[in-house]
Amino acid sequence: MTRFVDVALRWSDMDAYGHVNNVQFLRLLEDARVAAFAEWFGQDRTMLETGVLVARHEIEYLAPLTFRHAPVRISLWPTAISGASFELGYEVRDPEGVGDRLYARAETSLVAYDFATASPRRLTESERARLRELAGEPVAFRWRRR
């Protein structure tokens with residue numbers, strides 16, 4: 001099961017200082033999350049058909065990322081799972097063969113949501129099982145190591 005996604009950078013991701021804008025990191029995380037969810041939940045259509053809502057993002061920027069043609073590798077894994085929500089951790093780094101620089105760590109809180117009823121829903125047992133199968137350690141934010 002994929003635990004990382006290589007995401008291409010876009011010229012438009014850069015800001016006036018020549019590096020990838022902080023807001024664009026959220027788009028890179030979203031691109032990785034959408035690709036991973038298609039694989040993780042492809043057989044169990046509930047997550048893909050009803051959806052999830054982002055409740056929170058936290059990002060720790062560690063190094064400037066400048067535009068290049070090589071993609072960034074975004075590792076992602078569930079860090080906590082509850083009845084109707086889960087946390088997803090990320091690391092944004094160079095892909096294999098390009099280097100080993102870590103640009104950012106992040107975490108997103110996601111809520112399972114049923115758009116037909118406009119309300120949160122419980123994660124199914126199969127969704128929880130898949131998330132547990134992929135689960136890893138909490139994101140190693142600097143504030144957690146103090």
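The values are calculated or read from the model by the stated rules, or taken from the named source; none is laboratory data. Nothing here was measured: the structure is a model prediction, and the numbers come from that model. All Cβ positions, even for glycine, are placed from backbone atoms using ideal geometry, and neighbour counts span all protein chains on display.
Considering only segment 52-70, I want to know if a residue exists there that is polar (S, T, N, Q) and either closer than 28 Å to P120 by Cβ or free of Cβ contacts under 8 Å to residues at least 40 places away in the same chain (or both). Working first, answer last.
Applying the first criterion (polar (S, T, N, Q)) to segment 52-70 yields 66.
From the residues that got through so far, the ones that are either closer than 28 Å to P120 by Cβ or free of Cβ contacts under 8 Å to residues at least 40 places away in the same chain (or both) too are none.
No, because not a single residue in segment 52-70 is polar (S, T, N, Q) and either closer than 28 Å to P120 by Cβ or free of Cβ contacts under 8 Å to residues at least 40 places away in the same chain (or both).
Restricting segment 64-105 to residues that are small (G, A, S) and modelled with pLDDT under 95, which is nearest to L9 (Cα to Cα)?
Here is the first cut: in segment 64-105, the ones small (G, A, S) are 70, 75, 80, 82-85, 89, 97, 99, 104.
Those left that are additionally modelled with pLDDT under 95: 70, 97, 99.
Working: A70: 8, G97: 17, G99: 16 Å.
So the residue we want is A70.
Of all residues in segment 116-146, how many are farther than 14 Å from D44 by Cβ, in a loop (DSSP other than H, G, I, E, B), touching a strand residue (DSSP E or B) at 6+ places or on another chain (Cβ under 9 Å) and not charged (D, E, K, R)?
6
Got a number for residues in segment 1-10 being closer than 21 Å to P78 by Cβ and not in a strand (DSSP E or B)?
Of the residues in segment 1-10, 3 are closer than 21 Å to P78 by Cβ and not in a strand (DSSP E or B).
When you scan segment 107-136, how many residues do you find that are among the aliphatic types (A, V, I, L, M) and loosely packed, with under 15 Cβ neighbours inside 10 Å?
The qualifying residues number 3.
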